[in-house]
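All remarks here apply to the structure that follows.
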Amino acid sequence: AENMLWGGRFTQGLDPLMVKYNESLPYDRIFWKQDISGSIAFARANLKGGILSEHEFAEIQRGFKEIAEEWESNSFVVKANDEDIHTANERRLGEIIGKDIGGKLHTGRSRNEQVSTDMRLWLREELRKLESYLCDLIKVTIARAENEIDYIMPGYTHLQKAQPVRWSHWLLSHAASFASELERLRFVIKRVNRSPLGCGALAGNPFKIDRVGMAKELGFEGLLYNSMNAVADRDFVLETMQWGSSLMVKISRWAEDLIIYSSLEFSFVRLADAYSTGSSLMPQKKNADSLELLRGKSGRAFGQMAGLLCTIKGLPTTYNKDLQESVEPMLDHIKTVGDSIQIATGVLSTMTVNADKMYAALAPEMLATEFADYLVRKGVPFREGHHVSGRVVALAEEKGVPMDKLTFEQLKGIDARFDEDVQSCLDYHRAVELKDATGGTSKAAVLEQVGVLKELLGQA
Ligand code: ARG
């Protein structure tokens, strides 16, 4: 251990398994670029503060340029004592520019602020990518909703046929729930994008470091204002995972709807081959594996969130090595959520929709409410209209015919206030168009939703 970067006070080596157990380089090497930009910003601040000379700063920059090229070209040679990306880069810097100058880089700095800086810089870029994937998913949904606005389908509650709705209305119901995650993501990015740099190990920096200048150089939108908190918390990872979990719940429910709608019994939609797989035994099978994985991977995303909450909950304040356990879940979470959004977009943009099957699945009983509403328009209290309409349903059941096969005389027999125009209640299109208040399923109300979403996407 005396060979380690921190080895001054140690006399004996680490147990070999402990070396492996402790090291994070196999996965935190992904932050090499962020670690270098953070180091250069830190060195520049120490130049301004008089800790480094112009020459020393230039040497540090030169060293890092070379190190960056090594990482870029996959030729960086990892040494046995490289614990993590921070120690690896600093060790290499010393080799390139010499320890006299290389050894000054870490003046006033701690890996505790470094790791949080690197993670935030990395996460910020990834979340921006996820934001654009999510925008794409919403855009594809909107495009389908506009093109397929005339399709009418059964709307369900309790998975029972409830009232007719536009297919576009179903599509946009999910777009609306994705959109609220888009808004939330934009807030999360702002909180991720704050700088811990200049907080030291826990107590702060003693060399008059310009924290604002460093934050600006690195593109941070603000600072973390308490150095102990800055090295202690992984709020930005937790918040990301809470957001990701929430989005995955929504993607999972969307996938569940489509699994049902793509079953042979429904046949409302048909997945493209690109997002389906077959059975090794049953030749006829075409399974919606993409959708099932979207549903399945949501569980994995929630697990990562719950796991990190447990890791952090009992920690004494400031940095503890447990926090290193936030890195891998974060990396996997981002990959899982990012891939899932893109798969969902692929499924949605390539599937075919069978408008005839949707229409054929409508049942006259879904118009029972229309009879009640009809009577309401004639001045009958709704509760009474509901009761009368219930008797229409009951009579159809008793006669063993669908509701639309009852004769006008039979209806009149139930309630004398039914006139000839009661036939209009049996028109699915009319039923849909009557729901014209904002948020409803009429064409105008659906197009209004499209407008709201486009505004959120900045496309209006
Ligand atoms: N690899 C560490 C992590 O990911 C870096 C910080 C280590 N700091 C320390 N004092 N041991 O958390």
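Looking at the range 402-441 only, could you name the residues that are within 29 Å of ARG184 (Cα to Cα) and either crowded, with 17+ Cβ neighbours inside 10 Å or of a type in the set (A, V, I, L, M) (or both)?
Within the range 402-441, ALA437, GLY440, THR441 meet the criteria.
So, in the range 75-96, of the ones that are within 16 Å of the ligand (Cβ to nearest atom) and in a helix (DSSP H, G or I), which residue ends up farthest from the chain's Cα centre (by Cα)?
Ranking the candidates gives ARG91 first.
Here are some conditions: (1) within 28 Å of the chain's Cα centre (by Cα); (2) closer than 16 Å to ARG91 by Cα. ILE40 meets all but one. Which one does it not meet?
(1)
Considering each of GLU131, GLU54, GLU72 in turn, give the residue that is more than 16 Å from the ligand (Cβ to nearest atom), within 34 Å of the chain's Cα centre (by Cα) and free of Cβ contacts under 8 Å to residues at least 12 places away in the same chain.
Working: GLU131 fails: free of Cβ contacts under 8 Å to residues at least 12 places away in the same chain; GLU54 fails: within 34 Å of the chain's Cα centre (by Cα).
On inspection, the qualifying residue turns out to be GLU72.
Take the residues of the range 106-128 that are in contact with a helix residue (DSSP H, G or I) (Cβ under 6 Å, 6 or more places away or on another chain) and aliphatic (A, V, I, L, M): which is farthest from the ligand (Cβ to nearest atom)?
This residue is LEU127.
Return the only residue of ASN193, ASN205 being among the polar types (S, T, N, Q), under 18 Å from LYS48 (Cβ atoms) and surrounded by 20 or more Cβ atoms within 10 Å (Cβ to Cβ). Walk me through it before giving the result.
Numbers: ASN193 fails: under 18 Å from LYS48 (Cβ atoms).
Every option except ASN205 fails the conditions.
For the range 38-47, does any single residue satisfy the condition of being of a type outside the set (Ser, Thr, Tyr), within 16 Å of the ligand (Cβ to nearest atom), in contact with a helix residue (DSSP H, G or I) (Cβ under 6 Å, 6 or more places away or on another chain) and outside any loop (DSSP other than H, G, I, E, B)?
Step one: filter the range 38-47 for residues of a type outside the set (Ser, Thr, Tyr), giving 38, 40-47.
Now narrow it down to the ones that are within 16 Å of the ligand (Cβ to nearest atom): 38, 42.
With in contact with a helix residue (DSSP H, G or I) (Cβ under 6 Å, 6 or more places away or on another chain) added as a condition, the list becomes 38.
Still in the list and also outside any loop (DSSP other than H, G, I, E, B): 38.
Yes: one or more hits.
If a residue counts only when it is under 17 Å from the mean Cα position of the chain (by Cα) and touching a residue at least 12 places away in the same chain (Cβ under 8 Å), which helices (runs of 4 or more DSSP H) contained entirely in the range 137-233 have at least 3 such residues? I'd like the intermediate steps shown before the answer.
Values: elements: 167-192, 211-217, 227-232.
So the answer is 167-192.
Among the residues of the range 396-416, are any farther than 19 Å from LEU367 by Cβ, part of a loop (DSSP other than H, G, I, E, B) and free of Cβ contacts under 8 Å to residues at least 60 places away in the same chain?
So far as the range 396-416 goes, yes, one or more of its residues are farther than 19 Å from LEU367 by Cβ, part of a loop (DSSP other than H, G, I, E, B) and free of Cβ contacts under 8 Å to residues at least 60 places away in the same chain.
From the list ASP322, ASP289, which residue is on the phi < 0 side of the Ramachandran plot and within 14 Å of the ligand (Cβ to nearest atom)? Break it down into steps so the answer makes sense when it comes.
On the way: ASP289 fails: within 14 Å of the ligand (Cβ to nearest atom).
Residue meeting the stated conditions: ASP322.
Buried (at least 19 other Cβ atoms within 10 Å of the Cβ) and either closer than 24 Å to MET228 by Cα or within 16 Å of the ligand (Cβ to nearest atom) (or both), is that true of ILE101? Please lay out each step first, then the result.
Working: buried (at least 19 other Cβ atoms within 10 Å of the Cβ): yes; either closer than 24 Å to MET228 by Cα or within 16 Å of the ligand (Cβ to nearest atom) (or both): no.
No; evaluated as a whole, the condition is false for this residue.
Against the definition (closer than 26 Å to MET153 by Cα, in the same structural domain as GLU183 (by TED's automatic domain parsing) and charged (D, E, K, R)), how does GLU239 come out, yes or no? Reasoning before the result, please.
Details: closer than 26 Å to MET153 by Cα: no; in the same structural domain as GLU183 (by TED's automatic domain parsing): yes; charged (D, E, K, R): yes.
It is false that GLU239 is closer than 26 Å to MET153 by Cα, in the same structural domain as GLU183 (by TED's automatic domain parsing) and charged (D, E, K, R).
Name the single residue, out of those in the range 290-319 being over 15 Å from MET330 (Cα atoms) and touching an Asp or Glu at 6+ places or on another chain (Cβ under 7 Å), that is surrounded by the fewest Cβ atoms within 10 Å (Cβ to Cβ).
For the range 290-319, the residue satisfying everything is LEU315.
Starting from residues that are among the hydrophobic types (A, V, I, L, M, F, W, C) and without any contact (Cβ under 8 Å) to a residue 60 or more places away in the chain, keep the ones in the range 234-271 and report whichever is surrounded by the fewest Cβ atoms within 10 Å (Cβ to Cβ). Talk me through it step by step, then tell me what you get.
Here is the first cut: in the range 234-271, the ones among the hydrophobic types (A, V, I, L, M, F, W, C) are 236-238, 241, 243, 247-249, 251, 254-255, 258-260, 264, 266, 268-269, 271.
Adding the requirement that they be without any contact (Cβ under 8 Å) to a residue 60 or more places away in the chain leaves 249, 259, 264.
Details: VAL249: 15, ILE259: 19, LEU264: 7.
Per the criteria, the residue is LEU264.
I'm trying to understand the selection: among the residues of the range 262-281, which are of a type in the set (D, E, K, R) and either more than 29 Å from the chain's Cα centre (by Cα) or under 11 Å from LEU348 (Cα atoms) (or both)?
Across the range 262-281, the qualifying residues are GLU265, ARG270.
What pairs can you find where one residue is in the range 83-106 and without any contact (Cβ under 8 Å) to a residue 24 or more places away in the chain, the other is more than 16 Å from the ligand (Cβ to nearest atom) and in a helix (DSSP H, G or I), and their Cβ atoms are less than 7 Å apart, with a gap of 6+ or different chains?
Qualifying pairs under 7 Å: GLY94/GLY102; GLY103/GLY94.
Which of the residues belonging to the range 78-98 are β-branched (Val, Ile, Thr), farther than 17 Å from ILE30 by Cα and surrounded by 21 or more Cβ atoms within 10 Å (Cβ to Cβ)? Steps first, please.
Start the filter on the range 78-98 by keeping residues that are β-branched (Val, Ile, Thr), which leaves 78, 85, 87, 96-97.
Right, trim to farther than 17 Å from ILE30 by Cα and you get 96-97.
Within the range 78-98, ILE97 is the sole residue that qualifies.
Restricting to the range 1-18, and then to whatever is touching a residue at least 24 places away in the same chain (Cβ under 8 Å) and surrounded by 15 or more Cβ atoms within 10 Å (Cβ to Cβ), can you tell me which residue is farthest from TRP122 (Cα to Cα)?
MET4
From the list ALA344, ALA363, ALA355, which one is more than 16 Å from the ligand (Cβ to nearest atom), surrounded by 18 or more Cβ atoms within 10 Å (Cβ to Cβ) and touching a residue at least 12 places away in the same chain (Cβ under 8 Å)? Step through it out loud before you land on a result.
Values: ALA363 fails: surrounded by 18 or more Cβ atoms within 10 Å (Cβ to Cβ); ALA355 fails: surrounded by 18 or more Cβ atoms within 10 Å (Cβ to Cβ).
Result of the check over ALA344, ALA363, ALA355: ALA344.
Return the residue satisfying two criteria in turn: it lies in the range 104-120 and is under 19 Å from GLN34 (Cβ atoms) and polar (S, T, N, Q), and of such residues it is surrounded by the most Cβ atoms within 10 Å (Cβ to Cβ). Talk me through it step by step, then tell me what you get.
First, pick out the residues of the range 104-120 that are under 19 Å from GLN34 (Cβ atoms): 105-106, 109-120.
Add one more test, that the residue is polar (S, T, N, Q), and what stays is 110, 112, 114, 116-117.
On the way: SER110: 19, ASN112: 22, GLN114: 26, SER116: 28, THR117: 30.
Among those that are under 19 Å from GLN34 (Cβ atoms) and polar (S, T, N, Q), it is THR117.
The values are calculated or read from the model by the stated rules, or taken from the named source; none is laboratory data. In this text the structure is predicted, and so the values were computed from the model without any measurement. No Cβ is skipped: glycine too gets one built from the backbone with ideal geometry, and neighbour counts run over all protein chains shown.
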